[in-house]
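As structure tokens, the structure follows; a few thoughts come after it.
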Amino acid sequence: MKDPRIKDVGDVRTEHLFDLVVDLDDPLPIGPRVLFGAAGGTFDGPRLRGEVVRGGGDWAQFRKDGTMTLDVRLTLRTHDGALVHLSYGGRWVIPADLRDAVADPRRRHEVDPAGYYFRTNPLFETGSPDYAWLNDVVGVGSGYLVDGGIAYRVAEVR
């Protein structure tokens, strides 16, 4: 029996926000976690673009079932100098048959992203009046591997 309090609020819609590429330092194992430090990168979209500031990263944890849990904090610098804090969690589910290829730094970017599940939930924080609208944005991202790092297609949930 359907609960009568449930309302139709419409479908969740998204709008492309930007594409993000994060160049990564060599991983640092820290107990059960691995730090993938951000060495730089870029982002580009219809309403904002710029660079990834060196120094953030992903404090990832690999579970025995092949899933990586993400704990990412990055600083973005827009093309006009504004700073934006970007944080997100997420899940990267890597099937057993792809784990060796994904672990190989020479081949990992060649793995077809259709073979794994890699989703994030970006949130933003800035003091810039020009980008204050980001403070109220909830995002969703689809991740994939690139040569030297990781990339995401990020959308704003409307």
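What to note about this one:
- Taking the conditions (1) of a type in the set (D, E, K, R); (2) touching a Phe, Trp or Tyr at 6+ places or on another chain (Cβ under 9 Å); (3) outside any strand (DSSP E or B) in turn, D58 satisfies each one other than (3).
- Subset of the stretch 102-117 [surrounded by fewer than 16 Cβ atoms within 10 Å (Cβ to Cβ), within 23 Å of A39 (Cα to Cα) and hydrophobic (A, V, I, L, M, F, W, C)]: A103
- Residues being touching a residue at least 24 places away in the same chain (Cβ under 8 Å) and either within 18 Å of R153 (Cα to Cα) or assigned to a strand (DSSP E or B) (or both) - total across the stretch 27-55: 19
- Within the stretch 60-92, the residues that satisfy the criterion of being hydrophobic (A, V, I, L, M, F, W, C) and either surrounded by fewer than 14 Cβ atoms within 10 Å (Cβ to Cβ) or closer than 30 Å to D130 by Cα (or both) are L70, V72, L74, L76, A82, L83, V84, L86.
- Of all residues in the stretch 125-134, those satisfying the criterion of being touching a residue at least 24 places away in the same chain (Cβ under 8 Å), in contact with a Ser or Thr (Cβ under 8 Å, 6 or more places away or on another chain) and of a type outside the set (D, E) are S128, Y131, L134.
- The set of residues in the stretch 118-151 being surrounded by 15 or more Cβ atoms within 10 Å (Cβ to Cβ) and in a helix (DSSP H, G or I) consists of Y131, L134.
- Scanning the stretch 30-50 for residues that are at pLDDT 95 or above, farther than 18 Å from L145 by Cβ and not small (G, A, S) yields D44, P46, R47, L48, R49.
- Among the conditions (1) at pLDDT 95 or above; (2) in contact with a Pro (Cβ under 8 Å, 6 or more places away or on another chain), G66 misses just one, which is (1).
- Single residue of the stretch 81-117 satisfying the filter (β-branched (V, I, T) and assigned to a strand (DSSP E or B)) that is farthest from G66 (Cα to Cα): V84
- Matching option when the condition is farther than 18 Å from P122 by Cα and among the small types (G, A, S), among G81, G57: G81
The values are calculated or read from the model by the stated rules, or taken from the named source; none is laboratory data. As the structure is a computational prediction, the values presented were derived from the model and not from experiment. FYI the Cβ positions are ideal-geometry reconstructions off the backbone, even for glycines, and counts take in every protein chain you see.
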